[in-house]
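A.B. asks: Sharing a structure below in structure tokens format, with a few things to ask.
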Amino acid sequence: MQFSDAPDVLVVGAGPVGLTAATELRRRGVGCRLVDRLPARLPYAKAVGIQPRTLEVWDRMGLVREALDAAVPMRGQLVYVDGAEEARIELTLPEEVPYGFAALPQYETERVLEEFLARFGTRIERGTELRSLTQDADGVTARLVTASGTEEEVRTRYLVGCDGAHSTVRKALGLTFEGGAFPEEYMLADVEVDWDLPPGYGVRSLHRGADGAVDDLLVCIPLPGTGRYRMSMLMPPELSAAPGAAGGGAVAHGLEGGRAPTAADVQAVVDRLAPRATTVSAMRWSSVFRISHRLVDRYGEGRVFVAGDAAHIHPPTGAQGMNTGIQDAYNLAWKLALAVRGGAGARLLASYDAERRPVGQEVVGRTVRHARQAVPAAPEDPATLLLREAQLLVGYRDSPIVTAPAPGVGPAPGPRPGERAPDCGGLLREIAAYPLRLYDLLRGRDHVLVLYADGAVDERFDALAAVARESSGGRVDAFAVLADGTPAGPVRLPVYRDGRGEFGRLYGAAGTGTTAFVVRPDGYLGARLSPPTPEGLAGHLSAVFAP
């Protein structure tokens, strides 16, 4: 057996979640190894939906351009019941949201992330499997087996399990994975069709039996390419294996090996349910799929954490799974980076479970409810539903590292602490002859203190920036956003003008005088202070950063 010291973090599993974790760690200068038991990237379009929030994450990371180049837009969904169009859902978001919905095959998502990770000198160690792990107060000892059969014992400071529904890391930690399974089996296929339906729209077509229950279902998600779709459909009884989930408490979820529907099997379903007569062709792959819904009791233990399918699995309704996992990894990585450097406050790593487990719980519950609805229910507020599906309403208002408003202070307009920091446009700076978006200013940065004023500005701005630097060990950037017409005064900070008033409106800051916003590395507000004081700012940062 070989013995070695790994870099600071060992990431197990190189799907989109593990790649995100490794990329974010390397982007922040943290050493890590990324291992995966598979010898190569799988050519399957499993997860295909990319939510607007994930595109915002990729923007902050610096790889959104590559993702947009590879993806196609998702404009909406057409719903058919017994051959008649029942609903047409448009995926239209408020104009200040910088990205729409997209479709991208999982193997393309992995390619984009893998190529971006390689810029930091890190590559996936393929064919390398985690067999066991133990941990103590100072680190984690992992036993790996490489593609050549060599056993290696690795010592690392932290370990992140992104190794899927059958996670070795989760089992090694003894985490529970409670939930259930759907009895149905589904067929999946990546095919081309020649119908004349509008491009960019998903198709959901179902048939009701004599009792009114759905007895046949076809769901088609557009993919890059002419007439190309990822189709899913109920498995016909004559092709199905014995019903029910795997016994003995095993997790039955995801693609099955050994059985693959033929093009003729897919064509038979399309002939019954497609809203237009069409021919299935160019089938790239097919498989059988089972669905479980499960959630761990905690997202980590000590120096070991789980993310993505290792922590939560659920129906693919609304393309929530991979996107939720990517955001798990994004949330965890900046916190681990601070911990590795000794800059993390006492509660920072514990906040990963406090923030992300409620999100996983909500997503599991919501997708199970939606999966049992044959036709999407008409919501009381369609706009709110769409924002939730876009994952733009995910928030951490109860987090231990978020500073809540002072007692007795009513809710201010705009985002509250723990909520997503929205984008806005029209920010102007001297010398630059073009307007900027807020996300342009946040890209590539970690914590940022944004100081807004629509009244007098004085040296207090620079004093607050100094407090931020001192309280964080120099890890907080700062700049000012001033309402149009507000004099900059003696401020030495970078100053941007709110040329169209969008910042003041979207952040509910117009008319407040002076307000300070602390934007976290993952794009959420850690604090909103109005009026800001050095003591209030230092108190918030003390929950995030070590003294």
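A.B. asks: Looking only at region 26-63, which residues are under 28 Å from Arg388 (Cβ atoms), among the charged types (D, E, K, R) and in a loop (DSSP other than H, G, I, E, B)?
C.D. replies: Lys46
A.B. asks: A further question follows. Identify the single condition in (1) part of a loop (DSSP other than H, G, I, E, B); (2) open to solvent by 20 Å² or more (accessible area, probe 1.4 Å) that Thr141 does not satisfy, given that it satisfies every other one.
C.D. replies: (1)
A.B. asks: Tally up the residues in region 522-547 that are in contact (Cβ under 8 Å) with a residue 40 or more places away in the chain, farther than 27 Å from Trp58 by Cβ and of a type in the set (Ser, Thr, Tyr), please.
C.D. replies: Summing the residues that are in contact (Cβ under 8 Å) with a residue 40 or more places away in the chain, farther than 27 Å from Trp58 by Cβ and of a type in the set (Ser, Thr, Tyr) in region 522-547 gives 2.
A.B. asks: Additional query: Tell me which residues, restricted to region 138-168, are in contact with an Asp or Glu (Cβ under 6 Å, 6 or more places away or on another chain), of a type outside the set (Lys, Arg) and touching a residue at least 24 places away in the same chain (Cβ under 8 Å).
C.D. replies: In the first step, residues of region 138-168 are kept if they are in contact with an Asp or Glu (Cβ under 6 Å, 6 or more places away or on another chain); the result is 143-145, 155, 157, 164-165.
If we keep only those that are of a type outside the set (Lys, Arg) as well, we get 144-145, 164-165.
Within region 138-168, Leu144, Gly164, Ala165 qualify.
A.B. asks: Consider only pairs whose beta carbons are under 6 Å apart and that are at least six residues apart or on different chains; among these, list those whose first residue lies in region 493-521 and is open to solvent by 30 Å² or more (accessible area, probe 1.4 Å) and whose second residue is polar (S, T, N, Q) and in a loop (DSSP other than H, G, I, E, B).
C.D. replies: Correct list of pairs: Thr512/Ser530.
A.B. asks: I'm trying to understand the selection: among the residues of region 74-87, which are in contact (Cβ under 8 Å) with a residue 40 or more places away in the chain, farther than 18 Å from Thr384 by Cβ, of a type outside the set (Val, Ile, Thr) and part of a strand (DSSP E or B)?
C.D. replies: If the condition is that a residue be in contact (Cβ under 8 Å) with a residue 40 or more places away in the chain, farther than 18 Å from Thr384 by Cβ, of a type outside the set (Val, Ile, Thr) and part of a strand (DSSP E or B), then Leu78, Tyr80, Glu85, Glu86 are the ones that fit.
A.B. asks: How many residues are of a type in the set (A, V, I, L, M, F, W, C), open to solvent by 30 Å² or more (accessible area, probe 1.4 Å) and free of Cβ contacts under 8 Å to residues at least 60 places away in the same chain when one looks only at region 407-460?
C.D. replies: Residues flagged as of a type in the set (A, V, I, L, M, F, W, C), open to solvent by 30 Å² or more (accessible area, probe 1.4 Å) and free of Cβ contacts under 8 Å to residues at least 60 places away in the same chain within region 407-460 amount to 5.
A.B. asks: Just to verify a result, which residue in region 340-367, among those that are under 17 Å from Leu541 (Cα atoms), of a type in the set (A, V, I, L, M) and open to solvent by 10 Å² or more (accessible area, probe 1.4 Å), is modelled with the lowest pLDDT?
C.D. replies: Ala346
A.B. asks: Here's another thing I want to ask about it. If you scan region 295-318, which residues turn out to be open to solvent by 30 Å² or more (accessible area, probe 1.4 Å) and either part of a loop (DSSP other than H, G, I, E, B) or touching a Gly at 6+ places or on another chain (Cβ under 9 Å) (or both)?
C.D. replies: Hits for region 295-318 are Asp297, Arg298, Glu301, Gly302, Arg303, Asp309, Pro316, Gly318.
Okay, residues lined up against (1) at pLDDT below 95; (2) under 18 Å from Pro358 (Cα atoms); (3) within 24 Å of the chain's Cα centre (by Cα):
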residue: Thr384; (1), (2), (3): yes, no, yes
residue: Ser399; (1), (2), (3): no, yes, yes
residue: Val402; (1), (2), (3): no, yes, yes
residue: Pro405; (1), (2), (3): yes, no, no
residue: Gly414; (1), (2), (3): yes, no, yes
residue: Leu427; (1), (2), (3): no, no, no
residue: Ile431; (1), (2), (3): yes, no, no
residue: Leu438; (1), (2), (3): no, no, yes
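A.B. asks: Another question about this same structure. Can Val154 be described as more than 27 Å from the chain's Cα centre (by Cα), buried (at least 19 other Cβ atoms within 10 Å of the Cβ) and over 30 Å from Asp215 (Cβ atoms)?
C.D. replies: On the way: more than 27 Å from the chain's Cα centre (by Cα): yes; buried (at least 19 other Cβ atoms within 10 Å of the Cβ): yes; over 30 Å from Asp215 (Cβ atoms): yes.
Yes.
The values are calculated or read from the model by the stated rules, or taken from the named source; none is laboratory data. If you're wondering where the values come from, they're calculated on a predicted model, not measured in any experiment. Positions of Cβ are backbone-derived with ideal geometry, glycine not excepted, and every protein chain shown enters the neighbour counts. Please note that ligands, DNA and RNA were not included when accessible areas were found on the heavy atoms of the full protein model with its side chains. Shrake-Rupley method; radii C 1.70, N 1.55, O 1.52, S 1.80 Å.
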